[in-house]
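Here the structure is laid out as structure tokens; the discussion comes afterwards.
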Amino acid sequence: MRADARGLVSAHTLCAKVTTTVNPGASTATASVQDATIGVLGLPVIKIGLVQSTSHTTCAGSTGDAIVTSISVGGIPVNISLHPAPNTTISVLGITLVLNEQTPVAGADQA
């Protein structure tokens, strides 16, 4: 599958999946994209090899993980960890990227 937003964003192999269970209540969400390109007029082009994210939530809380194989900004390869820590921030050519962003949602763990 290929997605293209009027030349600004393009990507191959878009996948998303959510599974839920009862007793105990839990959900697991995964999403991935391969060969993504983000090009906005006046900014350096961002290219991403493969990104996969996973989130697992129960009544006790949530955990998440990300896999990032490669990123380049304006043709400059960015040195990244395959499993970046939560909220890893990198800046290249005036572009700031947040990898494995994990932001708590107030009240989300309450019935």
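Any read-out appearing in this document is the output of simple, stated calculations on the displayed coordinates, not a laboratory observation. Predicted, not measured: the structure shown is a model, and the values here were computed from it. Glycine also receives a Cβ, built like all others from the backbone with ideal geometry; neighbour counts cover every protein chain displayed.
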With T = 20 °C, eta = 1.002 mPa s and Kirkwood Rh from C-alpha pairs, the Stokes-Einstein D of segment 69-111 in µm²/s is about 175
How large is the charge dipole for the chain, taken about the Cα centre, if only the Cβ atoms of Lys, Arg (+1) and Asp, Glu (-1) carry charge, to the nearest 20 debye?
240
Per the Debye formula with a single identical scatterer at each Cα and no solvent contribution, what log10 I(q)/I(0) holds for the chain at q = 0.17, 0.20, 0.23 Å⁻¹?
-0.91, -1.11, -1.29
Quick one: compute the contact order of the chain, relative version, from alpha carbon pairs under 8 angstrom and 6+ residues apart, as a percent.
17
For the chain, whose charge dipole is built from +1 on Lys and Arg Cβ atoms and -1 on Asp and Glu Cβ atoms, the candidate among Val68, Thr21, Val33 with its Cα farthest towards the positive end is Val33
What net charge is computed for the residues neighbouring Pro84, neighbours being all others with C-beta under 11 Å from the C-beta of Pro84, Lys and Arg scored +1, Asp and Glu -1?
-2
